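The structure under discussion appears below in the form of structure tokens.
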Amino acid sequence: MDTEALEQRLLERQLQSWHRLMYMGLGSAITIMFHVVNPLRDAILLLALLYTTLSGFYLLWGDPWRKLPFTETRSKVIFGHLFASWLVAFGIFSYSMLPPLGMALLGYTIFLLVMYWQIQKKLSVTDEMFP
């Protein structure tokens, strides 16, 4: 087998691990949404926000992942991480209600919707090319 095929199989296996980690990120984001008082709240919020956001964008734009074609599973894992980061950002905004955070959340929401739309468009073109 050539190295490119082996590398693609390795990345596909790693995607399964990222899929499981996505559920961890979603769980922590939902927990934060319902969490009211904790002295370590800010550190937990920061770590959850950094983890979910960086993981989503790493899977979307990271060098080893760019080589793989977009599949439905990969897009679900990516946007699962990014949705978890949106939930954390929404939790931070709903706790603080600061207008600049509201504008940042609105901008992030629009950005995620545009990215989701573009990826879904790529997936539908891929499906048409290879029925």
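Every read-out reported here was derived from the displayed coordinates using simple, explicitly stated rules and does not represent laboratory data. Quick caveat: nothing in here was measured; it's all calculated off a predicted structure. So basically every Cβ, Gly included, is an ideal-geometry build from the backbone, and we count neighbours across all protein chains shown.
Just want the ordering: H81, H19, from fewest to most Cβ atoms lying within 10 Å of their own Cβ.
On the way: H81 27, H19 16.
Neighbour counts put them in this order, fewest first: H19, H81.
Using a simple charge model, +1 on the beta-carbon of Lys and Arg, -1 on the beta-carbon of Asp and Glu, nothing else, what dipole does the chain show about its Cα centre, in debye to the nearest 20?
220
Using helices alone, what [θ] at 222 nm do you get for the chain, with -39,500 (n - 2.57) per DSSP H run of 4 or more residues, divided over all residues and rounded to the nearest 500?
Values: 5 runs with 113 residues, N = 131.
Using -39500 (n - 2.57) per qualifying helix, the result is -30000 deg cm²/dmol.
How much length is gained on full extension from Q16 to V114, taking 0.36 nm per residue of separation minus their Cα-Cα distance? Could you put the intermediate results ahead of the total?
Numbers: separation 98, 0.36 × 98 = 35.28 nm, distance 2.54 nm.
Extending this stretch completely gives an extra 32.7 nm.
Two decimals, Cα atoms only, Kirkwood Rh: what is Rg/Rh over the chain?
On the way: Rg = 16.8 Å, Rh = 16.0 Å.
Rg/Rh for the chain comes to 1.05.
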